[in-house]
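The structure appears right after this line, and notes come after that.
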Amino acid sequence: AALASTTVAGTDIFGQTAVTSWPDVKNTGINFVGIQAYDGATVPNKSYESQVTGALSEGLYVMPYVFADPLKIAGGAQFTKAWSVIDSIAAARYAPGGQLLPIALDMENDPAITGEYCYGLTPAKMVSWMKAFIAAAKAQTHVVPVIYTRRNWWDQCTGSTAAFSGDPLWVVDYNASSPALPAGWTGYTFWQSSDTVSVGGIAGAADLDQLQAAPTVTARTGTSGAIQLETLNSLAGQPVAYAPAALPAGVALTSAGRLSWSSAVKVGRYQGTVIPASTVTPPVTVTPSSVSVTLRVHGTVTLSTRSRSS
């Protein structure tokens, strides 16, 4: 049921995940899979090549991810170790334009490594560690990495930094109708919404991830703004053009998928549809085939508190 209600569903795995059948994973409704390449400072995923080639053979998009260990290794060195695994598959070199999504940096606590929730780093040092990893990744791949995290960890361990607000977010929040976002982001690219779903071809409980394929944007009247629409294809570096099927007055769309609204849009709830299309020859299937956008514009909100208790 969880998979059926997800427009663009995915899952994620690591070295010890038992994948019994990649065709069954695909047939369950999975479109993409995160695959751990490196865990911490010393543990490569020895099953990485077989997992990646198995997923790619079924047409799934693959997002390599790296479990961070800021306690034992520098950010740039962490990427270098991970890159030795990610780019080791001769038949699937990491490059934009295929089925490989941006590399993801997994930022969360790990009690198996340390009891220090933030690895003993101050927020400033944690931010510096992440900047070093991301700089190394961008220099090597020319692609901005995805940041995987949950709000509680992020706000505590980075001091609620907004330094990465322009980077793609893979947010973790279970049993919620919509995810609680870390400081700095107004939306997400991927959402890990459960760790207890059943996925055909994977033994035991699995994670459920989903692409933000139907964004809802909230704005105050009299202000303008913009968001970038994405598909799995565009995230993988494939050329995609976007065309409006139905957009309200005051809302504009570029062919590159930049959706913007003007300050003239009045208070109300507006819905629109955008159709992405492949621009390669021959064209390939674009996932999702349409993007539904909801824009909610509200008036000035004031709050008066006479008493509070907890």
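Okay, here's what the table says:
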{"quantity": "Tally of residues being among the hydrophobic types (A, V, I, L, M, F, W, C), more than 13 Å from the chain's Cα centre (by Cα) and either under 20 Å from Y188 (Cβ atoms) or in a loop (DSSP other than H, G, I, E, B) (or both) across the stretch 102-126", "calculated": "4"}
{"quantity": "Odd one out for V33 among (1) closer than 30 Å to C118 by Cα; (2) at pLDDT below 95; (3) of a type in the set (A, V, I, L, M, F, W, C)", "calculated": "(2)"}
{"quantity": "Contacts under 6 angstrom Cβ, first residue in the stretch 109-125 being farther than 9 Å from T158 by Cα, partner in a loop (DSSP other than H, G, I, E, B) and among the aliphatic types (A, V, I, L, M), 6 or more apart", "calculated": "T114/L71; Y119/L71"}
{"quantity": "In the stretch 100-122, the residues that are among the hydrophobic types (A, V, I, L, M, F, W, C) and at pLDDT 95 or above", "calculated": "L100, L101, I103, A104, L105, M107, C118, L121"}
{"quantity": "Residue that is nearest to A213 (Cα to Cα) [pool: residues in the stretch 168-183 that are touching a Gly at 6+ places or on another chain (Cβ under 9 Å) and outside any strand (DSSP E or B)]", "calculated": "L181"}
{"quantity": "Residue in the stretch 82-101 that is of a type in the set (S, T, N, Q), open to solvent by 40 Å² or more (accessible area, probe 1.4 Å) and assigned to a helix (DSSP H, G or I) present", "calculated": "yes"}
{"quantity": "Flag if S262 is farther than 26 Å from G59 by Cα and exposed (fewer than 12 other Cβ atoms within 10 Å of the Cβ)", "calculated": "no"}
{"quantity": "Matching strands (runs of 3 or more DSSP E) fully within the stretch 226-270 where at least 1 residues are farther than 19 Å from V297 by Cβ", "calculated": "240-246"}
{"quantity": "The stretch 218-241, subset open to solvent by 20 Å² or more (accessible area, probe 1.4 Å) and among the β-branched types (V, I, T), residue farthest from the chain's Cα centre (by Cα)", "calculated": "T221"}
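The values are calculated or read from the model by the stated rules, or taken from the named source; none is laboratory data. The structure displayed is predicted, hence computed values, not measured ones. Reconstructed Cβ throughout: ideal geometry from the backbone, glycine too, with neighbour counts over all protein chains shown. Surface accessibility is based on the protein's heavy atoms, side chains included, excluding ligands, DNA and RNA. Shrake-Rupley method; radii C 1.70, N 1.55, O 1.52, S 1.80 Å.
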